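For reference, the structure is listed below as structure tokens.
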Amino acid sequence: MNLEHHFLNRASTIDVINSIDELGLTKHYDFEKHAFYYEKEGEQFQFRLPITLGVKNDAIDEMHVVKYLMLLVQTGSSAIGVFEGEECLEHKVLSAYMVRKKQGKSQIKHLKTKGKSRAGSRVRLAKTLEFFELINERVTRHFDENEFDRIAFSCSKILMPFLYGSKIPTPFEKKDPKIFRIPKHLHQPNFEVMLGMQRFLNMGELIFDPLAFPEVKEEINHL
């Protein structure tokens, strides 16, 4: 199978989806992945939508302005942003002293093997716990001030227990249906990385086999 990947802006995404809808393919919407899935004769392809596009009754809702929170978390840094449509309304980057200088290993990974007996380890652990408290404090404020359609989320697995187990609770559950797990590798979060993620989320991603769906290939060629 020779799959093609096409990244399309919001306007082109709407045009292509309207054209594909006229082809009479079986279609369903997956809210968790924010994607349309199309099927014909046992073959299937997907079209991940821009996060700025709302969907209602399995159809694009162009009039709805999507507001979402972006939360990016890696060892020692986090980026938090509030977005409405394609506009960033507010952002914050947080950082913490969580890496052991000589080994370059995070304090969390170190705890799994060596414990926390030394003074330096205790300081790093305290900073780690404070780091997640600051994240949740910030995110909670945003939740108090906004009504979000989605939560664009990326967090390394080893940090999840610290995020959700913080003294200041995370204002959404692990299985909150609004969570959209960003399908892209996350570099160490900062403002530029967050804006890069925003650009990625603002694009639709069409993945299909042109041999199985030549009619879709034709529509793409008309762009």
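Where a number appears in this text, it was derived from the coordinates with a stated rule and is not lab data. These numbers come from a predicted model, not from an experiment. As a convention, Cβ positions derive from the backbone with ideal geometry for all residues, glycine included, and neighbour counts pool all protein chains shown.
Points to keep in mind about this one:
- Computing FRET efficiency as 1/(1 + (r/R0)^6) for Ser156 and Lys40, where r is the C-beta to C-beta distance and R0 is 45 Å, gives about 0.75.
- Evaluated over the Cα positions of the chain, the convex hull gives a direction-averaged projected area, one quarter of its surface, of 14.6 nm².
- Other residues with beta-carbon under 9 Å from the beta-carbon of Leu53 carry, at +1 per Lys or Arg and -1 per Asp or Glu, a net charge of -1.
- Loop-located trypsin sites (Lys or Arg not before Pro) in the stretch 143-223 (DSSP state other than H, G, I, E, B) with a sparse environment of at most 10 neighbouring Cβ atoms within 10 Å: Lys167, Lys174, Lys175.
- A DSSP coil position with no more than 13 other Cβ atoms inside 10 Å describes the following chymotrypsin sites (Phe, Trp or Tyr not before Pro) in the stretch 1-76: Phe31.
- Helix 10-21 and the longest principal axis of the Cα set of the chain meet at an angle near 50°.
- Calculated log₁₀ intensity ratio I(q)/I(0) where the Debye formula runs over C-alpha points of the stretch 152-197, q = 0.13, 0.19, 0.33 Å⁻¹: -0.34, -0.72, -1.21
- Across the stretch 37-95, counting alpha-carbon atoms alone, Rg and Dmax equal 16.3, 51 Å.
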